[in-house]
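Read through the structure below, which is laid out as structure tokens, and then see the notes.
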């Protein structure tokens, strides 16, 4: 019998409770021995210690997935525990990129099928992980603006926040280097996206060609300046056609360095403050996920 540790955030509310119960019922009906564990960051280690032989199923969104993968990385258990995902968050961007169903019972059946795929991971020079996408600049500002809008707008909160931030932000003077090769010249950068996965904010394809299993990261830098150009960038970003703009630079590589004016950073949907210098490195096939 498959032993699974199902990790979820207790703050999901009644609708989340019903979706979680449907996923767990599907797992158990398929023959899995499921232990449910409502956890936060503080007691996650204790929960993992109590169930050492269990693969882990995240019943939640990108934030819960990020916290879980970060804990397994810190504990040296990413190579010994396969991770499953039943997307119950607001954006569910990593699940979208991998084609994991957004319907909870269907996603649970993916876990039951038992097919796992090795996936890459991004590590920064402070030891923090990025599972999906890290972005700097106006996208992080958009997240700040979207937070108070989420209760009313749900998935639409991020694109609305992006439009507001895109028009008002002055940009940041940044030098972005990919595998030792500068791709910007210190001009003002509106946004830099570093994609292991494809989308942010519930489906905005910041790195449309990214794949989390190819040993590379996709870098997309917008050098957009004027207000009309920024509006065009915001609209095309939502459609994933922004790499075709004249003032957007793209590259692929294994190591990315961003340095310059302090810029806000968002990693896997979480704001991590401002940085004037940070490096990200791809670790190929660092973990496995049921897909």
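The values are calculated or read from the model by the stated rules, or taken from the named source; none is laboratory data. Just so it is clear, the structure is predicted and the values come from calculations on it, not from any experiment. Here Cβ is always computed from backbone atoms with ideal geometry, including for glycine, and neighbour counts include all displayed protein chains.
Here are the numbers:
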| item | result |
| --- | --- |
| Cβ-Cβ under 6 Å pairs, at least 6 apart or on other chains, region 190-210 side without any contact (Cβ under 8 Å) to a residue 60 or more places away in the chain, far side part of a loop (DSSP other than H, G, I, E, B) | 190/171; 190/224; 205/198; 205/199; 205/240; 208/240 |
| Residue check, residue 240 more than 20 Å from residue 257 (Cα to Cα) and either modelled with pLDDT of 90 or more or not assigned by TED's automatic domain parsing to the domain that holds residue 266 (or both) | yes |
| Strands (runs of 3 or more DSSP E) lying entirely in region 200-291 (those with 1 or more residues that are over 25 Å from residue 179 (Cβ atoms)) | 270-290 |
| Selected residue (criterion: farthest from the chain's Cα centre (by Cα)) from residues of region 90-103 that are more than 20 Å from residue 282 (Cα to Cα) and surrounded by fewer than 23 Cβ atoms within 10 Å (Cβ to Cβ) | 103 |
| Any chance residue 50 is touching a strand residue (DSSP E or B) at 6+ places or on another chain (Cβ under 9 Å), farther than 23 Å from residue 282 by Cβ, without any contact (Cβ under 8 Å) to a residue 60 or more places away in the chain and not assigned by TED's automatic domain parsing to the domain that holds residue 195 | yes |
| Members of region 170-188 that are free of Cβ contacts under 8 Å to residues at least 60 places away in the same chain and more than 26 Å from residue 284 (Cβ to Cβ) | 170, 171, 185, 187, 188 |
| Selected residue (only one of 275, 250, 225 is within 14 Å of residue 206 (Cβ to Cβ) and over 18 Å from the mean Cα position of the chain (by Cα)) | 250 |
| Lone unmet requirement of (1) at pLDDT below 95; (2) over 30 Å from residue 54 (Cα atoms); (3) surrounded by 17 or more Cβ atoms within 10 Å (Cβ to Cβ) for residue 271 | (3) |
| Residue in region 11-32 that is surrounded by 19 or more Cβ atoms within 10 Å (Cβ to Cβ) and part of a loop (DSSP other than H, G, I, E, B) present | yes |
| Single unsatisfied condition, residue 189 versus (1) over 30 Å from residue 104 (Cα atoms); (2) surrounded by fewer than 17 Cβ atoms within 10 Å (Cβ to Cβ) | (2) |
| Options 39, 67; residue that is out of contact with any helix residue (DSSP H, G or I) (no Cβ under 6 Å at 6 or more places or on another chain) and at pLDDT below 95 | 67 |
